[in-house]
Ligand code: PMP
């Protein structure tokens, strides 16, 4: 079934570390050999062996409207004829910034970068420059990209590969990264008391998606907001996953809480390599060339990336019904899967908000990294492979969120639930 993928993987491993350009793709979290894709359209992925899958990763988030979304493809084709890069300002960058500012609450200005990593790295630098303080707090199992400062108790691939300490990240850098368990306000409070006047920022995934999907418990984000206000700390919402996904205005809109700085990635680029950070003018004007906090990029605001992102965001902006549809589809899937697991007599937790969700095989609620790590992740591996064989492509790790796309039809969801039922029988 996976002959060509296996051959390609062997070849890839000779010239690419681990055969992949990003670790979780290697299937280390579930075992086996990764599947190489050839093309994708709507809700479906097509691999190099002629197999077809219903996609629940959607390129780890960006493809909220499904693959090869026609308006984005057409826009890319048209703009590519003008030049693939100018390295000068363009009107398109203004339109993109205006659109983002109009969609996202509480921001006046935005700077485009090329990845979520760059966005988070830059936001942290600004928070440090603005507050004049060095340390920051992040949460165990949250992932903010691979900049040195964030590779402490990180989620996603770091959790999947179970890397406790990362060679190359100096102790001096790691010393400024303080960590607390997600959803644990007293732990945050304690860190602030132990480090008086030295914390620049608290960065958080407002809905976590890098240890599976974990929801903020009532009062958690509100509590962070209050602590930040009291102690002159900037609150950074990492909306790389949640931005333009949980609502038109992201987690801030959906959850009704305001952050001081926001970071974006994934959907904002419509499948092209794009990230952004944003905030109120008084903070954003600390960035060069107005301020001294240096931040730059040869390809930042790249015209092809901008038109792809602009087309994607415009669609989401003009069609609020997309969010209602995503909500209905996700709720339907969650309901169906829960029923399958219950009938199979398997303890489970399905966490979901909007079109982010994940399944953990545990009898207790999954509210932090320790809980996610303690679930029956061996069963998840079996479930993953059983689903893959039945044409459903789930994230290849229990420490990743599933992403629902609006290209999924009712029939696709029913097929997925049926595949889950069949998988549970096969596993038993
Ligand atoms: N923040 C979050 C919440 C993410 O999920 C990710 C990537 N999955 C990043 C930052 C880093 O983004 P990128 O991979 O584009 O560098």
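The values are calculated or read from the model by the stated rules, or taken from the named source; none is laboratory data. It should be emphasised that the depicted structure is a prediction, and the values quoted were computed from it without experimental measurement. Ideal geometry is used to build each Cβ from the backbone, glycine not excepted, and the neighbour counts take in all protein chains shown.
Within the stretch 123-150, the set of residues being within 12 Å of the ligand (Cβ to nearest atom), in contact with a helix residue (DSSP H, G or I) (Cβ under 6 Å, 6 or more places away or on another chain) and over 24 Å from residue 109 (Cα atoms) comprises 141, 146.
Checked against (1) out of contact with any strand residue (DSSP E or B) (no Cβ under 8 Å at 6 or more places or on another chain); (2) in the same structural domain as residue 279 (by TED's automatic domain parsing); (3) at negative phi, residue 7 meets all criteria but (2). Looking only at the stretch 151-190, residues that are without any contact (Cβ under 8 Å) to a residue 40 or more places away in the chain, touching a helix residue (DSSP H, G or I) at 6+ places or on another chain (Cβ under 8 Å) and within 12 Å of the ligand (Cβ to nearest atom) come to 1 in all.
I'm trying to understand the selection: among the residues of the stretch 213-240, which are assigned to a loop (DSSP other than H, G, I, E, B) and either within 21 Å of residue 127 (Cα to Cα) or more than 15 Å from the ligand (Cβ to nearest atom) (or both)?
Our first condition is that a residue be assigned to a loop (DSSP other than H, G, I, E, B); within the stretch 213-240, this holds for 213, 215-219, 232-233, 239-240.
Listed by number, the residues that qualify are 217, 218, 219, 232, 233, 239, 240.
For the stretch 318-330, the set of residues classified as within 20 Å of the chain's Cα centre (by Cα) and farther than 13 Å from residue 246 by Cα consists of 329 only. Each residue in the stretch 241-256 was checked for being more than 15 Å from the ligand (Cβ to nearest atom) and part of a loop (DSSP other than H, G, I, E, B), and 4 of them qualify.
Scanning the stretch 284-303 for residues that are at negative phi and crowded, with 24+ Cβ neighbours inside 10 Å yields one hit, 302.
Just one of the listed residues (220, 244, 237) is under 18 Å from residue 136 (Cα atoms), touching a residue at least 12 places away in the same chain (Cβ under 8 Å) and buried (at least 23 other Cβ atoms within 10 Å of the Cβ), namely 237.
Looking at the stretch 324-428, the helices (runs of 4 or more DSSP H) lying wholly inside it that each contain 3 or more residues that are under 29 Å from residue 204 (Cα atoms) sit at 369-374, 377-389. Checking each residue in the stretch 257-291 for being more than 16 Å from the ligand (Cβ to nearest atom) and touching a helix residue (DSSP H, G or I) at 6+ places or on another chain (Cβ under 9 Å) picks out 257, 258, 260, 279, 282, 283, 284, 286, 287, 290, 291. When 210, 302 are checked against the criterion of being within 16 Å of the ligand (Cβ to nearest atom) and under 13 Å from the mean Cα position of the chain (by Cα), a single residue qualifies: 210. For residue 39, the requirement of being farther than 15 Å from residue 269 by Cβ, part of a helix (DSSP H, G or I) and either in contact with a strand residue (DSSP E or B) (Cβ under 8 Å, 6 or more places away or on another chain) or in the same structural domain as residue 252 (by TED's automatic domain parsing) (or both) is not met. Checking each residue of the stretch 103-115 against the condition of being farther than 27 Å from residue 294 by Cβ and not assigned by TED's automatic domain parsing to the domain that holds residue 25 gives at least one match.
Residue-by-condition table, conditions (1) within 16 Å of the ligand (Cβ to nearest atom); (2) more than 28 Å from residue 248 (Cα to Cα); (3) free of Cβ contacts under 8 Å to residues at least 12 places away in the same chain:
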{"residue": "32", "(1), (2), (3)": "no, yes, no"}
{"residue": "44", "(1), (2), (3)": "no, no, no"}
{"residue": "47", "(1), (2), (3)": "no, yes, no"}
{"residue": "62", "(1), (2), (3)": "yes, no, no"}
{"residue": "67", "(1), (2), (3)": "no, no, no"}
